[in-house]
Each structure stands twice: as C-alpha cells, then as structure tokens.
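Data first, discussion second: the structure below is written as structure tokens.
Just so it is clear, none of the values below were taken in a lab; they were calculated from the coordinates. Predicted model, so just to flag it, every value in this text is computed and none were measured. Every residue, glycine among them, receives a Cβ derived from its backbone with ideal geometry; neighbour counts consider all protein chains shown.
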Amino acid sequence: MAAASVAIEAATEVLMPGSEDEAIAAFGDGAEVVVVGGGTIVVPDLTYRRLQPRKALMLGRAGMSGIEKNGSRVTIGATTPVQELVDLPAPLGPCAANVADLEIRSQGTAGGNICAGEGYEAPRGDLQGALIALGATARSAANGDVTEEPLEDFLPKRRERLLLSVSFEEPAAGAFAGLDRPHTHDYTALAVSGARSVDGTLRLAATGTGSWGVRLPSAEAAAGDPAAAGKAALNDVTPHDDALASAWYRSKVLPVLVRRVLDELKESA
Amino acid sequence: MNLTVNGIAHEVNGVELMPLLDVLREELGVRGPKAGCHQGGCGACTVLVDGEPRRSCLMPVAHADGAEITTVEGLGAPEDLSPIQQAFVHHYAAQCGFCTSGMMLAAQAYIDRGGTDEPEAIQNALAGHVCRCTGYAKIVEAVAAAARGDEFDLSETAVGKYTTMTTGGAE
C-alpha cells in the first residue's frame, strides 16, 4: 500500500492554489489536470493506481467553501462539504443526507460529487438530480474564462471545466424520494427530486438513470396525475444495468418514486 | 507540513496527496489506524482531525497540515483506558478488533458532540463502520453506556459471568 503512494510522488505535480483566482489560473485548459476537492474519490484512485495524473489541483486551501444566501438566492461553493448541505430544505438536504456516511460527507465536497466521473460500477453524482430540480446554475472556468450556465448544460462537460459554485433560488416546496441503500457507501441506485419554484414552475429530475442526472419533462407535463406522471417519466430516461440495479428494476421503481415526490409536493401545496 | 499526533508535534515531508493514513502508519509508526480497504469503505482507518472523525485513507495529508490528530493510542493506555474503551471491554464490543479503533474514535466524536444513548442515533453515527461482521448489538450497547457515563469495574468483567459460562462444563 505504501508503494502506491510512492508512485504518486514520482508522477504527479501537485498544485495548491490559495484563492479561487489562483485555482482558475492553475486549472488552465484542464488538460492532464485532476481536480481534488475532499479527496474521497480521487485519493483511492491514486492509491490503487487507477489514476496517474500529471497534475493534481488541490482545492482545499482555495477558499471556495461555504453556503451564501443573498435574498432568496443560495450559492454553494464547490468545495463545501456535502455534510453542510444536509440541513437545507428538500430536495437538496435529504438528498445530501443520503450520501455515504458522516465521515465521507464531511470530507467529500459538493463540487466533487457533482463532477465525479461515471464510476467503475455505477454512476456517481448523487446531488445532480436535486440541483437540476432546483433549476440550479453552475459557475465554472476554463482557459481563464468564467461562465455561468444551467447545471444541465454544464454536466456533459464537467470534466473539461473547473466548477466554482452552484446556485439556485430557494424553492416554495421540494421533495426527495430515493431507493434505500444496501450500505451507506453505495452510490444512489435511483432517486427522484422535485421542486416547485415561487412562480409555480415544477421541475422533476432523476439520479441513477444514466451517466448523470436528468430532468423529467414528460413527467412534469403530466404532474396533475401523479400515477400518469410516473409512467410518463419512462419516456425521459434510458434505464441501464449496473452493479446496483438492473434496467428492469429501475424502470419499475422510477414511476413509484415520481409518484411519491408529486404526492409530497401536493401535500405541501 | 506539521501534524500533531496524540499531542506530539511532527514535521512530515511527504507528497501533499499522500493519504494521511500512510503518513501515520509508515512514516510516523502510529499503527492504531488500520489499513483495511484503503478506499473509505471499512472505517478502520478513522482518526479524529481537530476532534472530527475522518477517514485517514481518503484524506490527503496536506488537508491535515496544522491539525491535531487523535488516534486510538491517544484515547487511553492499556493501564488507563478511556471511558469509551472501558465500555467496549465491559460490553464485549470488540469482535476480531480490526475495525474497533476506528469505531471507538467515531463513537468518541459522537459523545463529544452531545450524542445520547438512543440506539438509532448511535447506528447513524457508526453507519460507515458497519462492514461485515455481526457484533453490532454489543457495540451499540457499549457506545450507549459510554454516552450515559456508566462506570465499570473491569476486574469484575474479566472474571464475570461469561468466564463462568465457558468453564461451566468442568464444574
């Protein structure tokens, strides 16, 4: 095991920016850079040599952590520990509480969770669905250029840009329903998040139906009838087989989770 | 980088990305944190970093720079066990013992933040330490006892009813 760490020493240049601006500069165009937030995903990959990056950009001292509220706008810095999200309202709070265990939630960062690669056995990125349901935007950088865009547009290029923060308007109501995990350390097999904004817009999104979280527009269109909306959600996803669940099981459970979220949102109306 | 481990200050010269666990075990010879899975799954490497439980196998040592680290060696000594260690002995909460040091540190942090003897809260606090054996009822009992501040006479534990059970056939 110690020998693995010696390999880290030999191969990787470590960058430790002291501010967000320094982090943006150090990231550059992102080529050959592995970003390290809390380390919960990257460090084991280094230990077991699944990753041997030329450069590692460690964000721990870049001052990018914290939750800010500006009126009704909530902004979450990329290196905010997942544990700091668990007391936020649904869907994000209960979604964050469903990630791993206390120690890993306290180390792992929101940005790392959002930007994680697809994983070896199952998709990662538990928080993506909840943030899509909230209509969150992502602020990110590459080549020194900082842009803000809907999280859904950011996710496909999340390995090419440095995520700085996500933000969203506090919803009028929210709900989260996920499959129970066989063990605290399993990634989310399937979860549905819903949020109703102050102007009445309803958004639904799923995590665990593909490479990253997706919005469920067909289910939203049928939201007046939760059972029909659950079935309609199957038009918005392509369930897959992986180590956590089969495509068949996911397609049976997704309508149930959609219905539960809509029922809970109705009760809070 | 500077680490204070169980009250002793160390200067370490590793790579920033090296897991804290490897620095503790290989460089400083502190072997209480166990290298079980080396990927965050078993909890056996858990230490306290500034009083908070952390997986030392997942933490780049740079993130612990300047921190106070407590390992099981810092809880108590064999002749002077801490309350949580006494509770584990009294309640027979160690099974093979490999994950016990990490569990006791997570339990210590739980008690330090005001945790009660309520079983569900204890199970949540120790959720990341449940890997594969079966002795969890005893562990939850031990943590509950320590959370209540129970006191134990360990000399009685050592020659208590369980010893009688194992020698009962010869009497």
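To make sure I understand the rule: partners must be lysines, Cα under 27 Å from the Cα of A:LYS252, and not fewer than 8 residues away in the same chain. Which ones qualify?
Excluding near neighbours in sequence, the set is A:LYS231, A:LYS266.
Looking only at A:GLY224, A:GLY39, A:GLY111, which one moves most when chain A is put into a Gaussian network model with springs between Cα atoms under 10 Å?
Fluctuation is largest for A:GLY224.
When we measure straight from the Cα of B:LYS34, which aspartates and glutamates land under 15 angstrom away, once same-chain ones fewer than 8 places off are left out?
B:ASP22, B:GLU26, B:GLU73
State log₁₀ I(q)/I(0) for the protein assembly as shown at q = 0.07, 0.11 Å⁻¹ as given by the Debye formula over alpha-carbon point scatterers of equal weight, solvent excluded.
-0.38, -0.89
Which percentage, to the nearest 5, of the DSSP beta bridges contained in the protein assembly as shown is antiparallel?
Roughly 85 percent of the DSSP beta bridges within the protein assembly as shown come out antiparallel.
If you take the Cα Rg of segment A:18-165 and divide it by 2.2 N^0.38 Å, with N the number of residues, what do you get? Please report the intermediate quantities before stating the final value.
Working: Rg = 14.4 Å, N = 148, 2.2 N^0.38 = 14.7 Å.
Computed over Cα atoms of segment A:18-165, the ratio equals 0.98.
Points 7 angstrom from Cα along the Cβ direction at A:TYR120 and A:ASP241: gap in nanometres?
Modelled inter-label distance: 2.1 nm.
For chain B, what is the relative contact order in percent, using Cα pairs closer than 8 Å and at least 6 residues apart in sequence? It would help to have the intermediate numbers written out before the result.
Details: 274 pairs, mean separation 37.7, N = 171.
Over chain B, the number comes to 22 percent.
Cut-off is 10 Å between beta-carbons; in what order do A:HIS185, B:HIS129 appear when sorted fewest neighbours first?
Values: A:HIS185 20, B:HIS129 24.
Ordered by Cβ neighbours within 10 Å, fewest first: A:HIS185, B:HIS129.
Using Cα centres only, tell me the gap between segment A:235-261 and segment A:179-201 in whole Å.
A separation of 12 Å, based on Cα centres.
Rounded, prolate or oblate: which fits segment B:79-134 when a ≥ b ≥ c are the square roots of the eigenvalues of the alpha-carbon gyration tensor, with rounded for a/c under 1.5 and prolate only if a/b beats b/c? Provide the component values of the computation, followed by the final result.
Numbers: a/c = 1.70, a/b = 1.06, b/c = 1.60.
Here segment B:79-134 falls in the oblate category.
Run through the DSSP bridge list for segment B:1-102 and note the antiparallel percent, rounded to the nearest 5.
So the antiparallel bridges amount to about 85 percent of the total.
Under a 10 Å cutoff between Cα atoms, tell me which one of A:LEU151, A:LEU202, A:LEU179 has the largest fluctuation in the Gaussian network model of chain A.
A:LEU179
To make sure I understand, if each residue's beta carbon is the centre and we count other beta carbons within 10 Å, what order do B:MET104, A:MET16, B:MET1 fall in, fewest to most? Don't jump to the answer; show the numbers that get you there.
On the way: B:MET104 27, A:MET16 20, B:MET1 17.
Going from least to most buried by this count: B:MET1, A:MET16, B:MET104.
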